[in-house]
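What follows is one structure encoded as structure tokens, with my remarks underneath.
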Amino acid sequence: MDDPPSIFINSSLLNTRPVHTGDIMAAGAAVTVPVSGFPPPHAPPPSPCTTAPPPCYPGVTCVDALSTTRGFLCGGCPTGLVGDGTVCEDVDECAASAGVDALLACDPLTTCTNLLGGFECGPCPAGTSGSGDTACVDIDGCATAPCFQDTLCEDVAWPGVGVVCGQCPDGYDGDGRVCEPKQCEPGPCSLDPFVPCTTLPGGGRTCGLCPAGYVGDGVVCDDIDECETNNGGCHALTSCTNTHGGRLCGDCPIGFTGSGYSKCYNSTRCAEDYGGCDPLVECVDTSQGPRCGACPAGYKGDGYLGCVDIDGCLESTCFPGVPCEDIPAAEEDGIHGTGHRCGACPTGMIGDGIHCTDDMCFWLNGGCDPGVACVNDAAAPGGRMCGACPPGYTDEFTGQASEQCLDADGCLGAPCPGGRMCSDVAAVEEAAFGAAYMCGPCPQGFLQVGEGCVDVDECAVDNGGCWVAPADDRVKAPCVNSPGGYTCGSCPAGMRGSGAGKCVPATTCAVENGGCWVGDGAATGLAASCEDNAYGPAQCGECPLGFEGSGASSCVDADGCGPEPCFPGVACTDVPAPGEGFTCGSCPEGFRGDGEMCTLCRPRVSIQYTTAVQGIVKRTGWHRGERVMIGGENQGLDHPACVNIEGMRFWWTGASSSGATFMLDDATNKADTLTLNIPKADLQVDKTYTFQLRAALISNPQIAAAATAVTFYVKSQPLELVLRGGEVVTGEGSPIVLDAGESVDPDGETGDIQFTWNCLGKLRASECHYVNGTRLPARLHGPVVSLFLSGGYPPLEYTFVVVASKGSRSSFLSTSVRVQMGRPPVPQITPVPGRIAPGEKLRLRSEVTTAADGALMYEWSAVAERSTHALALLPGPDGTLACAGTQQQNLVLREHTLVAGGTYTFQLAVRDVYGEGSVQLTVQVNEPPTGGWVQVTLSSPCTATGCSCLLGSFYLTGAPVYSYAVMRFKCSTELSAL
């Protein structure tokens, strides 16, 4: 049976609103269909909107309009398309003339790619954040507070990067990023290099010593050229380059290994570290040291400095938009390779990556039925071929080459033998039933023998019911057998009547009604009319009302159900004579009417929601079991008078843009319910999927309907790169550990994420060096790197860029570290009081371990953690200090500076030429007791000058007592009365 006409809306085109659904049939429309092989009594005129192919563009509403020339009207084109509804063309939203609303257009900094029915915005460029769909915002470099505290920070607008720091605050000198306290302003001491200035107690100033690597009186410090003496301590085979306050040693010459800072060793044998040659080249020992051969095919460079794989993608032949993968110079089999490989064609196209053509099966399975495979074929109409319909379905009646597969009628060709009734089995039930049709029982008058039907000889038993004389069974009306029944002959000679009823001797109307029919039983008192005939037997008239037959032979009850007046399959009940007519039972399930005329009902299902956003699904969360949900609604049958006792069954079908049927099962996908669950782990990126909800009556599977198909595209997501361990300042003796191992692939493709690290230094010709002076490789590999880097004063800054790649996708992040020369100072606070009494003076003394010879700079700070009292180590309103100085080695706080019950954390930061170190100490202030008792006695009688008292035992409550308690009491003559 043909599927009902539907109004389809392509959900993949609805870029700005959720999926809409439509009824499968206009409300109140009546459809009469053939059932059990019987034609409908009246065939309605065909609707122009139900012709194949439909006259309107797919997804556009078609309405019958007989008053128009064409007989139909088409609605508006879907969003993103323009036209008259019959023909709709895509709107290029990315074109300047498209007039797209500014809120919908891509950010000017991104690319805009036109799609069918919409468009897609590219990612924001480097240096900006946000989304191309909304807005790209310049990354605020000042958000991380790179400038010194209270210093103006101005972000460099895109496309530039970084910040510009303002002047240091009053009392500080520096570049705005690093600001140092001014020493005895104005200071006569050297600023480059920095020499501390000390104000003398009696007035005047004195300059400290010039730092290591300089000579002078502190006011003027001249750089010492270390290279003039003993080559600056560098090995004799290496170069020495003088720097401010130090020197740099060059690399060991070719044929030697080691470090210019320590010693260069003559590599006389290639067996030792392969003579320093690249592993890919030949190493030959010579009197001058090892000789390195040329790099093999597929590499560039030389055997001394290293062989680098030639990037074959520099001359890519890949189709525009196809990722290019360089063929490694050394494949697994050891054969040197060159050139490149092209990745997959862009979404919606097929090919080998070099030549890509449109994938005609990409959208809506290429127009093929969702249950069949779509195969691209340039020679076929439309550029694609639709596969064969699944078993139980056919396209014979549509003539659209599997574009619409309908349930095949298994009763075609009358497969049931002997006149048995044939009933078609719905295609979805054929597999469980095991056949495409069912055969009913044999017709009346036949007996089933095996699969066939054999005629029953009714005349063999009781003369088939024909008249037999009561006194002599040899006198009887003849019985003639026929297929499926029998007929009774005329009465014997000399008698009249009906062989099928009663035979009586010929007589007149006065005697037994002249032989005409006389009723008995329920028809007692009824008789056929009789008219005497003076020249022969009486003439019998018509049978009474409600009877039929011959008044001369037999009148039988007229069967009102004889012409089958009721709808096929509806029970018909005859009205017994002397009444006439019939009554019809209820219409079958899936129909409505009075039983005589029944109209086919249609089930109605629709899509209410889907978790796909604007036709796009991101595979993010697949590893957490996330799913795509599509929810349908059962809207019942299309008329309240429709009969449906057993209910409806539901099932979902699906297909992908590759042409394959998406296999659904009830346990995993709940494909037999109104809500479809599709695990994201079962979806493949860069593919389009189409799912459709279908429904059918349980009692009659041929009465079915389908909701609007839901189509979405699984979009590939960039790698989520996580980088830990950067943005630190450390010394040469501490390792730099950078970890990108927590990075994840939201698409869940097979294989591991590959990590490549690059280091960029701001000194030494933008190179990065280990602490021993050797240069880092151009690239480091692996998720984690641990390095000991060379430092300086001020600290050397290194920028690391990690690139994570997997297949054609890649992401990158950068971080910076600062390494200072030598080890920073290590301060300690002694003693550690832990707790003090309320009102007590706090004394903190520091000790510092340092490798520097120059002066140290101290800075104390404090934070009140559990106190409403805000502690600030700054001058108070009266001009006095809360402490004895915050830039001294030791800290002394006045009495009552700290509040009882409070918790305070003190921090001391110490800085020398090698960097800065800090230490923290937490101090708790006890609360005073809330009660208790004390025993006091007079030690001697009171005199005019006073009394002498002794303190005895005591007990306090409400607060801990630390080391001692201070108690005040009045010792007077009043105590003698106690």
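Using the 1.4 Å probe convention, the accessible area of the range 552-648 works out to 49 Å² per residue with neighbouring protein chains retained. Placing dummy labels 7 Å off each Cα toward the beta-carbon, the span from Asp666 to Glu315 is 6.3 nm. Model label points for Ala297 and Asn242, set 7 angstrom from Cα along the Cα-to-Cβ axis, are 5.4 nm apart. The Cβ shell under 12 Å around Val375 holds other residues with a net charge of -1, Lys and Arg each +1, Asp and Glu each -1. With a Förster radius of 25 Å applied to the beta-carbon distance between Val556 and Asp457, the computed FRET efficiency rounds to 0.65. Per-residue Karplus couplings for the range 345-350, computed as 6.51 cos²θ - 1.76 cosθ + 1.60 with θ equal to phi - 60°, are listed in order as 4, x, 4, x, 9, 10 Hz, Gly and Pro entered as x. Taking other residues whose beta carbon is less than 12 angstrom from the beta carbon of Tyr486, and scoring Lys, Arg as +1 and Asp, Glu as -1, yields -4. Full extension of the chain segment joining Glu749 with Ala95 gains 231.9 nm, where the gain is 0.36 nm per residue of separation less the Cα-Cα distance. Pop the C-beta distance of Ala378 and Gln717 into the FRET formula with R0 = 35 Å and round what comes out to the nearest 0.05. The formula returns an efficiency of 0.60 here. Counting heavy atoms of the protein chains alone, His623 has an accessible area of about 110 Å² for a 1.4 Å probe. Each residue, Thr61 and Glu859, gets one label point 7 Å from its Cα in the Cβ direction; the gap between the two is 7.1 nm. With a Förster radius of 25 Å applied to the C-beta separation of Trp158 and Ser786, the computed FRET efficiency comes to 0.15. Available extension along the chain between Leu813 and Glu531 is 89.7 nm, counting 0.36 nm per residue and deducting the alpha carbon span. The range 139-179 and the range 549-585 have Cα centres separated by 105 Å. When peptides 310-316, 88-94, 405-411 are ranked by their average number of other Cβ atoms within 10 Å per residue, the highest-first order is 405-411, 88-94, 310-316. Stretching the chain fully between Thr611 and Val87 yields a gain of 185.6 nm (0.36 nm per residue, less the alpha carbon separation).
Atom-type composition of the exposed protein surface of the range 272-331 places 53 percent of the accessible area on carbon and sulfur (1.4 angstrom probe).
The values are calculated or read from the model by the stated rules, or taken from the named source; none is laboratory data. Remember, predicted model here, so these are calculated numbers, not experimental data. Because the Cβ atoms are built from the backbone with ideal geometry, glycine has one as well, and the counts that use them run over all protein chains shown. For accessibility, only protein heavy atoms count, side chains too; no ligands or nucleic acids. Shrake-Rupley method; radii C 1.70, N 1.55, O 1.52, S 1.80 Å.
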